[in-house]
Amino acid sequence: MRDVETDVLVVGAGGAGMYAALAAARGGAGRVLLVDRSLVGRGGATIMAQMTVAASLAEESSDDPELHLADTLAAGRGLCAEALAAALCGDAPARIREMEEWRVGWARRADGRIAQIAAPGHSRPRCCYVDVLNTGPAVAATLRRQIGRVAAIRRVSNLTVTDLVTAGGEAIGAVAVDIATGAAVTIAAKATVIATGGLTRLYRRTSASANMGGDGYALALAAGAELVDMEFVQFFPIGHLAPRLVGMDPIMWDPFRYKLGGRLLNGAGREFLAGYGSDESGAYTTPRDLATYAIATEVAAGRGSPNGGVYLSFEHVPRAELETAFGPVIDRLARHGIDLNRAPVEVSPIAHYHMGGIAVDERMASRVPGLYAAGEAVGGANGANRLSGNAIPEALAFGERAGRSAAAYAAGRPAVDWPHRAGADAADRIVRLAEGRRGEIAAAALLDELRDLMQARVGPFRTAAGLECALARLAAMRAALPEIAIAPGRACNPTLADWFELRAGLTAAEAVARAALARTESRGAHQREDFPETHPSWARSQRVRMAADGDVEVGFLR
Amino acid sequence: MTAKIARLRVRRGTPDDPAARYEEFAVPFEDGATVLDGLIWVRARFDPSLAIRYSCINANVCKECTIAIDGRVAYACTTRLHEGTPMTLDPLPGKPQLRDLVSETRPPREKLT
């Protein structure tokens with residue numbers, strides 16, 4: 001008898017996880033367990049989305065999923081898993097209109113049409129949003145309302161899944177730690193959906209919430225699934241750098257550029273994107289990978305701003321236009337001493353989204369029977385570079401598919417036959433660690449160091465020497481895991497949570513570094529200083545898998 | 001910029017802990033840094049056992065870092081650190097404390113037991 005039994009277990013309760021739970025219940029699953037290490041519907045990445053949601057609604061101009069797909073494939077630099085990209089673009093309109101039926105409140109033009117703007121890389125106005133900078137909170141609140149109405153969905157907050165459990169090569173559930181009590185919990189599930197988001201919290205400069213530590217990738221690898229495109233970490237080019245802002249997402253300048261254009265200037269006050277093949281002329285058109293490369297190159301060449309970025313200027317935009325577009329935000333900026341008409345702000349690349357992730361088919365099934373993935377945890381749909389606006393539709397579309405597929409799989413399966421001692425090692429580890437342990441090394445300190453290491457060696461610019469240095473340090477940190485101190489006290493013990501976060505983060509970081517070392521070219525978000533050219537022979541995705549001895553290996557699809 | 005020092009007086013312990021107390025940390029900071037920045041610094045550099053609930057860190061959308069600062073309910077992620085008099089940090093009043101600055105803010109139906 002397990003502690004908890006369910007038909008469908010959904011790990012992670014951001015946009016993808018909440019939607020997967022809804023779809024699983026709609027698909028006939030009588031028991032859906034939706035768990036999150038944070039609070040259900042509060043953590044994750046969806047709630048942090050500022051603005052754009054891409055869907056070919058054709059409200060502003062003619063459009064269709066084929067055109068959205070063409071733009072997505074072009075942005076992906078030849079690496080998109082086309083079936084996944086087509087699923088994203090094809091499902092997006094239905095998901096976005098459904099959100100409107102659920103009263104998310106997409107911004108509308110004066111004539112009543114849903115407003116859609118042209119974001120970089122999109123061939124037409126395609127991105128809807130909720131004003132003002134409220135897309136993520138509105139989407140998250142809408143989904144929270146929906147799951148609250150479904151009796152089949154049981155929500156559990158502050159439950160961290162530490163291990164998946166397999167038997168005979170099939171996923172049969174998970175082991176988790178209940179943060180509030182420090183207790184080990186075993187969960188038997190006929191099907192499991194991983195919706196844990198990405199790994200950008202592994203970087204020093206990041207827009208990520210605390211939950212984006214790559215744990216879902218580590219869970220999937222250890223369960224026998226493969227990861228794909230792990231070397232492609234999207235750095236959002238114009239993350240806020242200075243002066244310090246609080247209570248505002250560092251991605252906030254993206255919507256400003258959508259609505260107002262703005263000018264990107266180097267430390268000498270000169271526009272520089274034209275030198276990298278992208279002449280913006282006041283509009284916002286440069287794709288994220290190219291802009292990140294251009295900014296990092298300017299800074300490296302000594303042409304950066306005082307804090308190590310570049311300037312973003314709205315000094316030329318008339319006051320009335322600023323007020324009309326972002327009135328309340330302009331007031332908040334004023335309280336931070338920022339007047340966009342008087343001075344530019346400093347911006348620089350910031351880890352924002354992970355293109356890589358769990359390899360799945362268009363039903364969101366991994367190669368492990370019973371194991372599915374949804375949202376940013378999935379790899380492949382966005383190839384080497386994600387088009388802006390594709391993350392929320394990916395969360396909803398893939399959440400819907402994963403939940404539906406998991407429910408169908410669960411329906412055809414008898415009650416889980418839980419073998420003797422399945423998951424026992426994982427549960428015993430939690431019990432043992434929760435007893436506390438003396439030691440000199442703190443996981444919190446290593447997690448802090450890991451973020452500097454990833455930023456410097458596995459960030460927007462990479463070399464073989466730097467990546468090998470990172471891998472050596474990752475191995476040393478892994479070797480320290482058995483000696484890390486755990487503070488006494490089971491309830492809400494952050495050192496216990498840190499230990500599992502570090503273990504998972506090291507695996508995810510190693511997957512990125514190994515894939516980056518193996519790809520001896522530059523493409524999209526993966527830029528090698530020692531291999532600056534893009535090679536047609538590299539127009540293929542790499543797979544990452546875990547060997548029986550726990551080693552992380554890189555290869556191609558077998 | 002020269003680092004300034006903020007003094008954080010933090011409620012430590014659990015409700016059934018006879019040794020529950022305030023503990024003071026001296027936190028170096030640069031202008032603009034927040035109470036949450038200071039607490040994360042304490043965890044990484046000084047005392048990893050300090051418990052604080054947070055998720056979005058800097059966007060003020062998750063609302064998980066709500067605590068009492070000098071007796072007033074506030075977000076740790078938007079309250080600025082300052083020099084001089086210590087800032088006293090307590091878990092949310094009116095909610096059961098779990099440990100240090102973490103109180104039971106989960107909706108009752110989202111608990112496992």
One residue from A:Leu447, A:Leu387 being part of a helix (DSSP H, G or I) and under 24 Å from the mean Cα position of the chain (by Cα): A:Leu447
Filter result for A:Ala242 (within 11 Å of the chain's Cα centre (by Cα) and of a type in the set (A, V, I, L, M, F, W, C)): no
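To keep it simple, each residue is scored yes or no on (1) crowded, with 18+ Cβ neighbours inside 10 Å; (2) away from every other protein chain (no Cβ under 14 Å); (3) closer than 23 Å to A:Arg528 by Cα.
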position: A:Tyr258; (1), (2), (3): yes, yes, no
position: A:Gly267; (1), (2), (3): yes, yes, no
position: A:Glu280; (1), (2), (3): yes, yes, no
position: A:Ala283; (1), (2), (3): no, yes, no
position: A:Glu298; (1), (2), (3): yes, yes, yes
position: A:Pro306; (1), (2), (3): no, no, no
position: A:Leu312; (1), (2), (3): yes, yes, no
position: A:His316; (1), (2), (3): no, yes, no
Residue in segment A:152-178 that is surrounded by the fewest Cβ atoms within 10 Å (Cβ to Cβ), counting only those that are within 15 Å of A:Tyr19 (Cα to Cα) and within 13 Å of another protein chain (Cβ to nearest Cβ): A:Arg154
Yes/no for A:Leu219 being buried (at least 21 other Cβ atoms within 10 Å of the Cβ), under 20 Å from the mean Cα position of the chain (by Cα) and in contact (Cβ under 8 Å) with a residue 40 or more places away in the chain: yes
Selection within segment B:14-48 - more than 8 Å from chain A (Cβ to nearest Cβ), in contact with a Pro (Cβ under 8 Å, 6 or more places away or on another chain) and assigned to a loop (DSSP other than H, G, I, E, B): B:Pro15
Selection count where residues are within 10 Å of another protein chain (Cβ to nearest Cβ), basic (Lys, Arg) and over 22 Å from A:Leu34 (Cβ atoms), scope segment B:88-113: 1
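How about segment A:538-552: which of its residues are loosely packed, with under 13 Cβ neighbours inside 10 Å and over 11 Å from A:Val228 (Cβ atoms)? So that I can check it myself, show each step before the final result.
Initial filter on segment A:538-552 (loosely packed, with under 13 Cβ neighbours inside 10 Å): A:540, A:547-551.
Matches in segment A:538-552: A:Ala547, A:Ala548, A:Asp549, A:Gly550, A:Asp551.
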Segment B:1-23, residues that are touching an Asp or Glu at 6+ places or on another chain (Cβ under 7 Å) and among the charged types (D, E, K, R): B:Lys4, B:Arg7, B:Arg9, B:Arg11, B:Arg12
Residue, farthest from the other protein chains (Cβ to nearest Cβ), within segment A:502-531, restricted to residues that are under 19 Å from A:Ala456 (Cβ atoms) and surrounded by fewer than 20 Cβ atoms within 10 Å (Cβ to Cβ): A:Phe531
Meets criteria (modelled with pLDDT of 95 or more, assigned to a loop (DSSP other than H, G, I, E, B), of a type in the set (Val, Ile, Thr) and under 18 Å from A:Thr46 (Cβ atoms)) for A:Val130: yes
Sole exception among (1) at pLDDT 95 or above; (2) under 28 Å from A:Val233 (Cα atoms); (3) within 14 Å of chain B (Cβ to nearest Cβ) for A:Glu5, by number: (2)
Residue check for A:Ala86: in a helix (DSSP H, G or I), out of contact with any strand residue (DSSP E or B) (no Cβ under 9 Å at 6 or more places or on another chain) and buried (at least 24 other Cβ atoms within 10 Å of the Cβ): no
Residue selected from segment A:479-501 under the condition part of a helix (DSSP H, G or I) and buried (at least 17 other Cβ atoms within 10 Å of the Cβ), by the criterion farthest from the other protein chains (Cβ to nearest Cβ): A:Phe500
Residue satisfying condition, being in contact (Cβ under 8 Å) with a residue 40 or more places away in the chain and assigned to a helix (DSSP H, G or I), within set A:Ala13, A:Ala25, A:Ala94: A:Ala25
Residues of segment B:59-110 satisfying the condition of being under 10 Å from the mean Cα position of the chain (by Cα), farther than 27 Å from A:Asn134 by Cβ and buried (at least 20 other Cβ atoms within 10 Å of the Cβ): B:Leu89, B:Pro91, B:Asp100, B:Leu101, B:Val102
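The values are calculated or read from the model by the stated rules, or taken from the named source; none is laboratory data. Since this is a predicted model, take the numbers as computed values, not measurements. Reconstructed Cβ throughout: ideal geometry from the backbone, glycine too, with neighbour counts over all protein chains shown.
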